[in-house]
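K.L.:
I'd like to ask you about the structure that follows.
Computed from the coordinates by the stated procedures, all read-outs in this text should not be read as laboratory data. Being a predicted model, the structure only gives us computed values, none of them experimental. So basically every Cβ, Gly included, is an ideal-geometry build from the backbone, and we count neighbours across all protein chains shown.
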Amino acid sequence: MHPNEPLHELPFEGLAPPAFAAPPSPGPVRPSARFMLSHPAHLLALGFGSGLSPKAPGTTGTLWAWLAFVVLAPWMNDARWAVLIAASLPLGWWACTVTARNMRVLDPGSVVWDEIVAFWLVLWLVTPADFGGQLAAFALFRFFDAVKPGPVGWADGLFHGVDSATDPLAWHKAGLGIMLDDLVAGACTLLVLAGWRFFQ
């Protein structure tokens with residue numbers, strides 16, 4: 001091309017560069033033993049491994065709570081149970097919040113600390129109870145937690161609509177929701193047991 005010859009417009013000149021799609025956001029994290037041991041909050045929220053059960057982790061976590069209650073009972077009294085359960089509530093909120101955020105799931109099924117604390121509360125308040133009474137408490141608690149009738153369903157869905165992309169407190173709300181519905185399930189269990197004892 002001669003230096004003084006006018007430049008001809010290139011065929012793609014003036015066209016906008018091609019748009020590239022944004023990379024997809026990472027999906028949920030599947031819980032594993034490695035994930036559980038990677039953070040103290042994971043270990044607590046996953047119920048020291050009971051939440052890793054491939055089937056019915058909520059039931060497995062509740063069974064773990066029952067076993068732990070029986071094992072601890074010889075060294076516990078009302079004051080110690082009250083302190084343990086009171087400390088487990090805010091600690092559980094923190095653990096559930098951290099674990100749900102790291103799993104990128106608002107209410108992971110493998111998080112079972114909520115079942116553990118709520119069922120400890122039920123067992124403590126029905127004590128003294130024989131094996132049959134504790135079994136009835138277990139069955140009722142699992143019913144309310146799994147079926148989620150009435151107030152349990154309300155508590156369960158309270159924070160399911162939060163958006164972590166726009167709400168800076170979304171994961172804290174999710175952690176609170178994880179704990180709340182099981183506490184309501186525990187309260188319903190205690191109401192049914194109290195009514196049954198009253199009408200005996």
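K.L.:
Can you pull out every residue in the range 79-101 that is without any contact (Cβ under 8 Å) to a residue 24 or more places away in the chain and either crowded, with 19+ Cβ neighbours inside 10 Å or farther than 30 Å from Leu169 by Cα (or both)?
P.N.:
Ala79, Arg80
K.L.:
Can I ask one more? Can you tell me how many residues within the range 25-59 are among the charged types (D, E, K, R) and either in contact with a Lys or Arg (Cβ under 6 Å, 6 or more places away or on another chain) or crowded, with 19+ Cβ neighbours inside 10 Å (or both)?
P.N.:
Total meeting the criteria: 0.
K.L.:
Mind listing just one residue for me: the one in the range 161-188 that is in a loop (DSSP other than H, G, I, E, B) and out of contact with any helix residue (DSSP H, G or I) (no Cβ under 7 Å at 6 or more places or on another chain) and, of those, farthest from Ala100 (Cα to Cα)?
P.N.:
Here the residue is Thr166.
K.L.:
Among the numbered conditions (1) closer than 28 Å to His39 by Cβ; (2) surrounded by fewer than 22 Cβ atoms within 10 Å (Cβ to Cβ), tell me where Val111 comes up short.
P.N.:
(2)
Residue by residue, here is whether (1) part of a helix (DSSP H, G or I); (2) closer than 30 Å to Gly161 by Cα; (3) touching a Gly at 6+ places or on another chain (Cβ under 7 Å) holds:
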residue	(1), (2), (3)
Gly51	yes, yes, yes
Ala65	yes, yes, no
Val71	yes, no, no
Ala86	yes, yes, no
Ala95	yes, yes, no
Asn102	yes, yes, no
Leu123	yes, no, no
Phe144	yes, yes, no
Pro149	no, yes, no
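K.L.:
Sticking with this one: Which numbered condition in (1) closer than 20 Å to Pro28 by Cα; (2) surrounded by 15 or more Cβ atoms within 10 Å (Cβ to Cβ); (3) without any contact (Cβ under 8 Å) to a residue 24 or more places away in the chain is the only one that Leu176 fails?
P.N.:
The failed condition is (3).
K.L.:
Shifting gears a bit: I'd like the full set of residues that are under 17 Å from Ala137 (Cβ atoms), of a type in the set (Gly, Ala, Ser), touching a helix residue (DSSP H, G or I) at 6+ places or on another chain (Cβ under 6 Å) and without any contact (Cβ under 8 Å) to a residue 60 or more places away in the chain, limited to the range 49-77.
P.N.:
Gly61, Ala65
K.L.:
Which condition breaks for Lys55 when tested against (1) assigned to a helix (DSSP H, G or I); (2) over 13 Å from the mean Cα position of the chain (by Cα)?
P.N.:
It fails just one condition, (1).
K.L.:
List the number of the failed condition for Pro128; all other conditions in (1) within 17 Å of the chain's Cα centre (by Cα); (2) outside any helix (DSSP H, G or I); (3) not aliphatic (A, V, I, L, M) hold.
P.N.:
(1)
K.L.:
So, of the residues in the range 140-168 that are aliphatic (A, V, I, L, M) and free of Cβ contacts under 8 Å to residues at least 24 places away in the same chain, which turns out to be surrounded by the fewest Cβ atoms within 10 Å (Cβ to Cβ)?
P.N.:
Ala165
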